[in-house]
1. Please name whichever of B:Ile79, B:Gly47, B:Gln161 sits farthest to the positive end of the charge dipole of the stretch B:9-162, dipole taken about the Cα centre and charges placed at Cβ: Lys and Arg +1, Asp and Glu -1.
2. Viscosity 1.002 mPa s, temperature 20 °C: what is the translational diffusion coefficient of the protein assembly as shown from Stokes-Einstein with a Kirkwood Rh over Cα pairs, rounded to a whole number of µm²/s?
3. Rounded to the nearest 10 Å², what accessible area does C:Leu25 show when all protein chains are kept and the probe is 1.4 Å?
4. Find the sum over both chains of the accessible area lost when D and A are paired, probe 1.4 Å, and report it in Å² to the nearest 100.
5. Are there any residues in the stretch B:116-131 with a reduction of at least 30 Å² in accessible surface when going from the isolated chain to the assembly of protein chains? Probe 1.4 Å, please list them by number.
6. In nanometres, what is the gap between the two model label sites at B:Leu162 and B:Ser19, each 7 Å from Cα along Cα-to-Cβ?
7. Over all residues in A:106-115, what is the mean tally of Cβ atoms on other chains that come within 10 Å of each residue's Cβ?
8. I'd like the Karplus ³J(HN,Hα) series for the stretch A:65-80: coefficients 6.51, -1.76, 1.60, θ = phi - 60°, whole numbers in Hz, and an x wherever there's a Gly or Pro.
4 protein chains.
Amino acid sequence: MQSWQSGPRIGVMGPSFCSPEIYNLAREVGFHIGRQGAILICGGRSGVMEASARGAKEANGTTIGILPGESAAEANPYIDIPIVTGLGNARNAINVLTSQAIIAIDGSYGTLSEIALALKCNIPVVGMKTWRMIPPGGKPPQIILADSAEEAVSAALRACQLGCNRK
Amino acid sequence: MQSWQSGPRIGVMGPSFCSPEIYNLAREVGFHIGRQGAILICGGRSGVMEASARGAKEANGTTIGILPGESAAEANPYIDIPIVTGLGNARNAINVLTSQAIIAIDGSYGTLSEIALALKCNIPVVGMKTWRMIPPGGKPPQIILADSAEEAVSAALRACQLGCNRK
Amino acid sequence: MQSWQSGPRIGVMGPSFCSPEIYNLAREVGFHIGRQGAILICGGRSGVMEASARGAKEANGTTIGILPGESAAEANPYIDIPIVTGLGNARNAINVLTSQAIIAIDGSYGTLSEIALALKCNIPVVGMKTWRMIPPGGKPPQIILADSAEEAVSAALRACQLGCNRK
Amino acid sequence: MQSWQSGPRIGVMGPSFCSPEIYNLAREVGFHIGRQGAILICGGRSGVMEASARGAKEANGTTIGILPGESAAEANPYIDIPIVTGLGNARNAINVLTSQAIIAIDGSYGTLSEIALALKCNIPVVGMKTWRMIPPGGKPPQIILADSAEEAVSAALRACQLGCNRK
């Protein structure tokens, strides 16, 4: 039977306010996601979420915004399909579960919660200019570090293919 | 600024087990949704959810499946983009909020909860072979009744355009 | 091992605005819940939720309010322990799952969604002046009807003991 | 009007598997929470959650377990009132919002997500043998460090009283 399932789903997680430098980085990450035929999953709002969706649309990609509020009107203009959860921060768990790998950019607390949930659910995490986390007495969690947007997206796609048996 | 937002989002709500007659009806509803360029929102699983997604794909539409479990593998094969919530029945609220109008088909309890939530959120409800609900001493809620799949989809699209100021 | 688990958990579901007659009925229901040593579960806000919690406290019962918003300040003054979900209407699923039986009073859409979810989860439903629901071609769902507050609470407690193997 | 609201709500967040040393520490933390007349909020399961609830009951405290699954049977035996969410990891957001301050013990990914959400929601965090988090180029988040169980609980109670205007 033909599968209608479209491309791999890559989540980009980052803050709703960010510097121009981070905005450009997130936009470039989104561009490579779109160019590779992957689907961009994000939180649907401003900052890194907007930038990554904007980049993905510039490469003719598809963008999904998983919104915390109760109205699709809060989506940024680069979101193709808003998912309206009404769950507040609890929607972060959906961002993560829906992604086959995530790219975490910059350092808000929301992003930190998404990194943590991804690690818990065995969803690969690529990090760019983001949190370092040091557990009590143990070794740091396995986060793939990337230096460029292109490298981050390649690493995320590779991680999807190798690791995500359960998805 | 150009809006990337794609077509209107019509939810089809119905049980995961159904008769062949209901299956065919849901498939026809999905077909008209796809044909009209609308996006199909559903729960992503079997029965009415599968039938409507199948119909939408037969008309080259786009299908979103908002899943209750923690794995995209539970999506039916006609889902383009699975949204993995892990929320169980609480995800019904997301099905409803994400839709600009819903078409309720047949009579499971999950469908009844989705009709109720849609009415609560002022999201228009089109009903086909579904629940009648009689409040204590009041008049029944406003559900648009439709006799054919084509009529149901037209009514849902009209309701989207007129009613959904907040979306 | 000693179980610390306290009494049975009875949910009272009803609208946040109601007539004085319904308010008094809900207060009496709450009173009997408290008197029987059961724990009152409710949505934590005004109307039927407030009345039932008030009644339970008048009988020295324990009251839990499962709130839709992000602040405990929205709890009514008769709630012992607010559970702050931030989930909006999706919290209705938690009201239901946390209860071993529910008593549905009056007829809002939120209450209808809670009746539907309880039926779906095999949680017994006692109804007072509430919705009648007629499925397509089938027989109505099994709702226990009660004429007085005392009878409703007795029926709910009996249903807890008999039916809820899974809880 | 008399407020029925009971004591302050302190969340204890930690993994479901832990060493005996951590178990004893969490039990002692729970004991001091109960002794101070505060209500223990936790995830309701094994490990640190069980230990803290056990300690709280040893001091005649009240314990609330906010469970991820769909059955109250998964609560540990020291939980007075199970809240059955069915939300999986998304329930972590409720643990945090329901607490007026949290004490994070040890270093699982779930705990890290709860620390992150608490910081996001301006809920004070006391840390014991837990994660250190270093943001990109910024200063670490404000976590109150405590050396003993008693000190941790005192710090959490102080933080509740000072900081939580919104709760």
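The values are calculated or read from the model by the stated rules, or taken from the named source; none is laboratory data. Please read these numbers as outputs of a predicted model, since none were measured by experiment. Neighbour counts are summed over all protein chains in view; Cβ atoms, including those assigned to glycine, are modelled from backbone coordinates with ideal geometry. Only protein heavy atoms, including side chains, enter the accessible area calculation; ligands, DNA and RNA are left aside. Shrake-Rupley method; radii C 1.70, N 1.55, O 1.52, S 1.80 Å.
1. Ranked along the dipole, the leading option is B:Gln161.
2. My calculation gives 85 µm²/s for D.
3. Ignoring ligands and nucleic acids, C:Leu25 comes out at about 20 Å².
4. Summing both chains' loss of accessible area gives about 2100 Å².
5. Those residues are B:Ala116, B:Leu117, B:Leu119, B:Lys120, B:Trp131.
6. Taking the two extended label points, one gets 3.1 nm.
7. 6
8. Rounded to whole hertz, the list is x, 9, 8, x, x, 9, 9, 5, 5, 7, 5, 6, x, 9, 8, 6.
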